[in-house]
Amino acid sequence: MRLRVINGSAMSYFDVRIPGLKMTVVAADGQPVQPVPVDEFLIGVAETYDVLVSPEDDQAYTIFAESMDRSGYARATLAPREGMQAKIPERRQIADRGMEAMSVHMDGMDHSNMSASGMEGMDHGNMEGMDHGDMKGMDHSGMSDSEMQGMESEQAKIRENGMLAAGEAQPGSRFGQPGIGIDPDERRVLVYRDLKSFTPWPDRREPGRELELHLTGNMERYMWSFDGKKFSEVSGPIHFEKNERLRLILINDTMMEHPVHLHGMWMELENGQGELIPRKHTLNVKPGERVSALITADAEGSWAFHCHLLYHMDAGMFRVVQVS
Ligand SMILES: [Cu+2]
């Protein structure tokens, strides 16, 4: 049986599983992918996954979608007869976002060798205690005035962006990592690297140019934007030349995930699968992550391009793409 799971919530990511049943992912955003057996997948707002399930026992199963912040859940029932119900699985703990936030600053380091216990052994308290204001108490006597100024403007930038100043670190893509708070040792979780198309998509041209956009925000003032500019502050659309091939690079400077959605054209996610990279209309970009996609601008017109979390889009993380 094929189930199509669509996150139409506009508000939250969900972790989806069916306790007692394996799922085999066969399509992403409506586009066929080579089968990936999983126990669970994270679904961003507007993403779609098709999964195959083969329930064989005469019992009900709960299709369980737990919101990423663990504030709630949605459930459905898969059963041979009406009126049957399965248990709702035990709710999981809210994820500790502290480590993820740190990885924004520690990007480029290989975390894969760190054991979970090793991470617990690290003192988070000290990191949180690293209030930039405290740096004033440091002895700067060895620094020149310009060095001091540089440092202060760097701190200001970090404050303004909520975290990562542009150019501070080279953020990388983390297609092999599941969502925050998900332990891949416990169950097989879908990651973007798993997604592989069946045949290469038709446009094999190398991109003629690269377009880089930062996902930016200020959590204290609740502002969200691309490249530090809210939609109300930009002067015009992003222009794509009709039929050009380009590479879109999204760099997430914030501590939140953003499901970035392009209307009208596919984004071929450069997830390391060579000619078989998958195509999607919505890309989840993790905190501190860099994601790139190839686009063929084959659809003339004006298209919305935005974060699909409604409250981020409304706050300004929205642009118009003009193909002409
Ligand atoms: Cu967003």
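Filter segment 213-266 for residues that are acidic (Asp, Glu) and within 19 Å of the chain's Cα centre (by Cα) and give the result.
227, 253, 257
So is residue 207 assigned to a loop (DSSP other than H, G, I, E, B), open to solvent by less than 80 Å² (accessible area, probe 1.4 Å), at pLDDT 85 or above and touching a strand residue (DSSP E or B) at 6+ places or on another chain (Cβ under 6 Å) or not?
yes
Taking residue 287 and the conditions (1) at pLDDT below 95; (2) over 13 Å from the mean Cα position of the chain (by Cα); (3) of a type outside the set (A, V, I, L, M), which numbered condition does it fall short on, given that it satisfies the others?
Of everything listed in (1) at pLDDT below 95; (2) over 13 Å from the mean Cα position of the chain (by Cα); (3) of a type outside the set (A, V, I, L, M), residue 287 misses just condition (2).
This table checks each residue for (1) touching a residue at least 60 places away in the same chain (Cβ under 8 Å); (2) out of contact with any helix residue (DSSP H, G or I) (no Cβ under 9 Å at 6 or more places or on another chain); (3) under 17 Å from residue 192 (Cβ atoms); (4) of a type in the set (Val, Ile, Thr).
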position	(1), (2), (3), (4)
2	no, yes, no, no
11	yes, no, no, no
16	no, yes, yes, yes
21	no, yes, no, no
25	yes, no, yes, yes
32	yes, yes, yes, no
36	yes, no, yes, yes
41	yes, yes, yes, no
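Pairs please, first residue from segment 303-319 and under 16 Å from residue 214 (Cβ atoms) and open to solvent by 20 Å² or more (accessible area, probe 1.4 Å), second anywhere and within 8 Å of the ligand (Cβ to nearest atom) and in a strand (DSSP E or B), Cβ atoms under 6 Å, 6+ apart in sequence or on different chains.
Matching pairs, first to second residue: 315/224.
The values are calculated or read from the model by the stated rules, or taken from the named source; none is laboratory data. Keep in mind that this is a model prediction, so the values were computed, not measured. Positions of Cβ are backbone-derived with ideal geometry, glycine not excepted, and every protein chain shown enters the neighbour counts. Remember, those area values only see protein heavy atoms, side chains included, never the ligands or the DNA or RNA. Shrake-Rupley method; radii C 1.70, N 1.55, O 1.52, S 1.80 Å.
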